[in-house]
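The values are calculated or read from the model by the stated rules, or taken from the named source; none is laboratory data. Please read these numbers as outputs of a predicted model, since none were measured by experiment. So basically every Cβ, Gly included, is an ideal-geometry build from the backbone, and we count neighbours across all protein chains shown. Remember, those area values only see protein heavy atoms, side chains included, never the ligands or the DNA or RNA. Shrake-Rupley method; radii C 1.70, N 1.55, O 1.52, S 1.80 Å.
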Amino acid sequence: ASISHIGTNLTSPYDEFTEQVGTATPMLYSCQNVEVRHRLVRVNKGTPTYMRAPGEASGVFALESALDELAYALKMDPIALRLRNYATDDPHKKLPWSSKALRECYTQGAEKFGWSRRDPRPGSMRDGELLVGWGMATAVYPTNRSQATVKVEIFPDGRARAVSGTQDIGTGTYTIMTQIAAEHLGIPVDRVHFELGDSRMPEAPVSGGSQTAASVGSAVKVAALEAKHKAIQLAIADAGSALHGEAPDSIFATNGQLTSRREPSRTDTYIDLLKRNGLETLEATGAAQPGDEKKQYSMYCFGAQFAEVHVRPESGETRVTRYVGAFGVGQVLNAKTARSQAIGGIVFGIGMALMEQTVMDLRTGRLINADLAEYHVPVNADVPPIDIVLVDEADPYVNPIGAKGIGEIGIVGAPAAIANAVYHATGRRIRNLPITPDKLLM
């Protein structure tokens, strides 16, 4: 068996931008012979850049479309083909996975979608006059993090604050950082406040590469644990504390209170501890950065995408009518925001599959459809019910909080799942996105 994946992208005369469309190809399946090349062509137009996700979003469309085409040629179920070539470790880096719940994503996603009821013959399923197609694809995205720093403060009234110069672009950063700080301080979440968005705050990385939760969240944990440790040391040294002289490792914090594990009747609150010691604040700064873990393990999020489409044969109109995405993302920090992240990525995938297209003026190299009136993106009427399955996955190696970034994996594989569903409905293999009606009527 062999795979050859050659990507060609345009770049400007004055810059080099390479869309790394082949990065997932060497690692996603077990294959001994893999060729991946990236080529650039300079043209008189602006430098391109990423849209919601880097090269995996584009490259996996090619790979997963080819896998679907092979499955039909072999008369094999597309999931069965992927499982036949399942990679139990990273075949490119020759490293074990830090964790990989892809089998569970296939199983749970297929069950939720009802994949076993699929008639594999193209054009065999209908809803009245409409052609019905079911398609699936694998999702994959690397797990990243960068150095981040967080300051945590505990106040005499029992409140706490965590501060970092990160940003919330609608991904739930405020929420999950507050939760992490509250958990590791042992203070109720409604008594914890997280602040961000100022370059004078402790340094944090950009929101790119799905790394904010892993980077800043790990630093929040480190800083919160250090602040709690300082409070414990203060209580142990304080003759007025019920915990005076207690062993540090026998004290835990919950609901704003420090308690001895050996003698639960011995307690002290953050409020009393700071007031007795005349402290206006007890603070700690913590930093977290990558270590050698990527030299020891290969770290990725994985998922399985399932799409149902209805195609009107006389017009070529295609609509996604039902969707299931199943993802293994390590520790889920907040189920609601995680689900929303996955839905957002899938909606971007619907746009990529069916409508989004940049049109250039060949005379000037400028965009013709440079506004939302002409550049079509999905609106509410284009988005079907989307079910998200968050597969249980524990990863002790990936970072201190065990969480994998989920901002971009939702789009990866989504266009392929939709295109594969279109083939199942119509028998037409569309390799050039977006899948507009004219391509189905030619």
Ranking by accessible area, most exposed first, for 95, 273 with a 1.4 Å probe: 95, 273
Amide N of the stretch 210-240 lying under 18 Å from the label point, which is placed 7 angstrom from the Cα of residue 276 along Cα→Cβ: 228-240
Theoretical gain in end-to-end length, residue 117 to residue 69 [0.36 nm per residue, Cα-Cα removed]: 15.3 nm
Loop trypsin sites (Lys or Arg not before Pro), the stretch 262-303, which have at most 16 other Cβ atoms in a 10 Å radius of their Cβ (DSSP): 262
Reference-scaled alpha-carbon Rg (2.2 N^0.38 Å with N residues) for the stretch 1-64: 1.21
Computed label-point distance, nm, for sites residue 441 and residue 319 using a 7 Å Cα→Cβ extension: 1.8 nm
Residue with peak Gaussian network fluctuation, the chain [Cα springs, cutoff 10 Å], from 233, 167, 341: 233
Gain on full stretching of the segment that runs from residue 32 to residue 200 - 0.36 nm per residue minus C-alpha separation: 55.5 nm
The chain - mean residue ellipticity at 222 nm from DSSP helices (-39,500 (n - 2.57) per run, n ≥ 4, rounded to 500): -9000 deg cm²/dmol
Most fluctuating residue given options 85, 399, 144, as computed from a GNM of the chain linking Cα atoms under 10 Å: 85
Per DSSP, loop GluC sites (Glu not before Pro) in the stretch 75-153 with at most 11 further Cβ within 10 Å: 129
Against the rule of thumb 2.2 N^0.38 Å, how large the Cα Rg of the stretch 118-172 comes out: 2.50
Residue 76 versus residue 363: modelled label distance in nm, points set 7 Å from Cα along the beta carbon direction: 5.3 nm
Space enclosed by the convex hull of the alpha-carbon atoms of the chain, per residue, Å³: 172 Å³
Quotient of C-alpha Rg and 2.2 N^0.38 Å, computed over the stretch 49-148: 1.30
Interatomic Cα distance distribution for the stretch 392-437, bins of 10 angstrom, percent: 22, 32, 19, 19, 8
Sequence of 11, 426 when ordered by accessible area, the most exposed leading, probe 1.4 angstrom: 426, 11
Cα principal axis extents for the stretch 351-442, largest first, Å: 54, 36, 25
The chain: angle of helix 212-237 to the longest principal axis, Cα-based, in degrees nearest 10: 10 degrees
Of 113, 155, 194, the one that fluctuates the most in a GNM where the chain has Cα springs shorter than 10 Å: 155
Charge dipole (debye, nearest 20) of the stretch 297-349; +1 at Cβ of Lys and Arg, -1 at Cβ of Asp and Glu: 200 debye
Whole-number Å³ per residue for the convex hull built on Cα positions in the stretch 213-351: 186 Å³
Candidate lysines - alpha carbon under 29 Å from residue 45, same-chain residues fewer than 8 apart omitted: 439
Candidate aspartates and glutamates - alpha carbon under 16 Å from residue 94, same-chain residues fewer than 8 apart omitted: 292, 293
The chain: relative contact order as a whole-number percent, Cα under 8 Å and 6+ apart: 22 percent
Cβ-derived FRET efficiency at R0 25 Å, residue 254 paired with residue 334, nearest 0.05: 0.80
